[in-house]
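The values are calculated or read from the model by the stated rules, or taken from the named source; none is laboratory data. Since we're looking at a predicted model, the values are computed, not measured. Glycine also receives a Cβ, built like all others from the backbone with ideal geometry; neighbour counts cover every protein chain displayed. Only protein heavy atoms, including side chains, enter the accessible area calculation; ligands, DNA and RNA are left aside. Shrake-Rupley method; radii C 1.70, N 1.55, O 1.52, S 1.80 Å.
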Amino acid sequence: MRALIAGNWKMNGRLADVARIVAPLPAAAGALGCDLLVCPPATLLAAVARLLDGSAVSVGAQDCAALPDGAHTGDLSAGMLRDAGATCVIIGHSERRADHGETDGVVRAKVTQAVAAGLTPIVCVGESEAQRLDGHALDVVRGQLAGSLPDGFAGAVAYEPVWAIGTGRTPTPAQVAEVHAAIRAALVARFGAAGRGTRILYGGSVKPGNAAELLALAEVGGALVGGASLNAADFLAIARAAAMLPNRERDG
Ligand code: PGA
């Protein structure tokens, strides 16, 4: 399976930033051997999609509503995001779970909406530092998966330990491999063969300097990149680290 390197701009970026961050990507993408996805804030989706039109780089949103179009002031339906040019959507990021109280049930409803609108969901799970220190990381992640993924799930999962996001800290390779193996086992147990093909991304302080080590781990099918995705050179350096891994090409 080709690796997916996804950039999550979070609440960053103005129209004036789009060309600087996005314009270098299409020329590089063709030669990479991994898939690239850019997830700008919703205000920039259409502009980014226009710039990337016809290229190998995909565009995604960072969230969608749990309900279809209707009387929900300020919300954006999955169908609207698709209309603006998104083909993917990040759902259940820990910042959404923390800042907006999104429960597993809300995440599951959003995933259902995304799929109905033709968007590929990337569902985020991950433990807090306290949960890891208490020895509950695997239980927390298994519980989030069970509650957040609807039956028949088709999309990607991102393992993002909350304490690694934006902190410059990452789990050890053994910790990442352990959680990814547990996620794979849970996906296969619930979804069978489809669960075997689900991409499992790692996210949390992925940088050019640590990308090769993280992406080489078993069951790591790509990266969800926050801060480093706002710089085209760093984002492409991470993508090159993924593309250099021999197993990615072979399985692709
Ligand atoms: P970070 O964010 O790379 O800035 O740690 C990752 C994420 O939250 O997706």
Hull volume in cubic angstrom per residue (convex hull over the Cα atoms of the chain): 115
Positive-pole candidate from V106, A16, A6, dipole of segment 1-151, charges at beta carbon: A16
Contour excess over end-to-end distance, with Cα ends at T43 and A23 and 0.36 nm allotted per residue: 5.4 nm
Neighbour net charge for A189 - beta-carbon separation under 14 angstrom, K R +1, D E -1: +3
Simple Cβ-charge dipole of the chain, Lys/Arg +1 and Asp/Glu -1, about Cα centre, in debye nearest 20: 440
Mean residue ellipticity (222 nm) of the chain, computed from DSSP H runs ≥ 4 via -39,500 (n - 2.57), nearest 500: -12000 deg cm²/dmol
Whole-percent carbon and sulfur share, accessible surface of the chain, 1.4 Å: 55
Ranked packing of 77-83, 33-39, most packed first, by mean Cβ within 10 Å: 33-39, 77-83
Surface accessible to a 1.4 Å probe, per residue, for the residues of the chain, Å²: 43
Simple label model, 7 Å out from Cα along Cβ direction - M1 to L133, nm: 3.3
Spin-label model distance (nm) - T172 vs E213, 7 Å beyond Cα toward Cβ: 1.2
Surface/4 of the Cα convex hull for segment 124-241, nm²: 6.9
For the chain: relative contact order, % (alpha-carbon pairs under 8 angstrom, 6 or more apart): 21
